[in-house]
Amino acid sequence: MQVGTGSSNPFVPVSSQISDIYVPANWVLHTDSLGDGGNIYRLINPAQPAENLVEVVQSSARDLAGFMGQISQGGHAYYVIPQQAIEYTIPNPNLPYEDRGIVANLSNGGSIRLDVYLPSSEKAVAQKIIESFIKPLS
């Protein structure tokens, strides 16, 4: 898998101090608007469409405690930034890959949810993508 970084992409990190995020290179970007002023950004691997990442950006905060309570059996979640960002893994019998991601409230009152769908063999890549949304790349 090739990956790219850059601030020219439309994805929103957890902190405004993050200028670059780690996303797959050569995947196709799709953008949809939500009725409430939010957006959905999808990057899809054209050679394997089940491999993708989706970020939903909303203008309102999310109920993080409620999200934690909804994690089903077989999934797990924990606060990666106390009271601001949750990292999770959720199995999905309707998809070939686990849903790995984050849900976070932003300092501007908005929120994001990032879902990364990659094979287990790409778990380290999925983790690097997720972490780049939370902290600056090193």
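Give segment 100-124 a look and list any residue that's touching a residue at least 40 places away in the same chain (Cβ under 8 Å), open to solvent by 30 Å² or more (accessible area, probe 1.4 Å) and within 14 Å of Pro24 (Cβ to Cβ), or say none. Tyr117, Glu122, listed by residue number.
Hey, does segment 43-59 have a residue that's assigned to a loop (DSSP other than H, G, I, E, B), touching a Gly at 6+ places or on another chain (Cβ under 8 Å) and more than 18 Å from Val116 (Cβ to Cβ)? It would help to see each step written out before you state the result.
Going residue by residue through segment 43-59, those that are assigned to a loop (DSSP other than H, G, I, E, B) are 45-51, 59.
Still in the list and also touching a Gly at 6+ places or on another chain (Cβ under 8 Å): 59.
In the following step, the residues that additionally are more than 18 Å from Val116 (Cβ to Cβ) were identified as 59.
Scanning segment 43-59 turns up at least one residue that is assigned to a loop (DSSP other than H, G, I, E, B), touching a Gly at 6+ places or on another chain (Cβ under 8 Å) and more than 18 Å from Val116 (Cβ to Cβ).
Scanning segment 82-99 for residues that are free of Cβ contacts under 8 Å to residues at least 40 places away in the same chain and within 26 Å of Ser59 (Cα to Cα), we see that the one that is most open to solvent (accessible area, probe 1.4 Å) is Gln83. Residues considered: Ser72, Ser59. Of these, the only one that is free of Cβ contacts under 8 Å to residues at least 60 places away in the same chain and under 27 Å from Thr31 (Cβ atoms) is Ser59.
Only one of the numbered conditions (1) among the β-branched types (Val, Ile, Thr); (2) in contact with a helix residue (DSSP H, G or I) (Cβ under 9 Å, 6 or more places away or on another chain); (3) under 16 Å from Leu118 (Cα atoms) is violated by Ile90, and that is (2). When Pro49, Pro13, Pro82 are checked against the criterion of being over 20 Å from Ser132 (Cα atoms) and either at pLDDT 90 or above or touching an Asp or Glu at 6+ places or on another chain (Cβ under 6 Å) (or both), Pro49 stands alone in meeting it.
The values are calculated or read from the model by the stated rules, or taken from the named source; none is laboratory data. A quick note: this is a predicted structure, and the numbers were derived from the prediction, not measured. Heads up, the Cβs are rebuilt from the backbone with ideal geometry, glycines too, and the neighbour counts pull from every protein chain shown. Remember, those area values only see protein heavy atoms, side chains included, never the ligands or the DNA or RNA. Shrake-Rupley method; radii C 1.70, N 1.55, O 1.52, S 1.80 Å.
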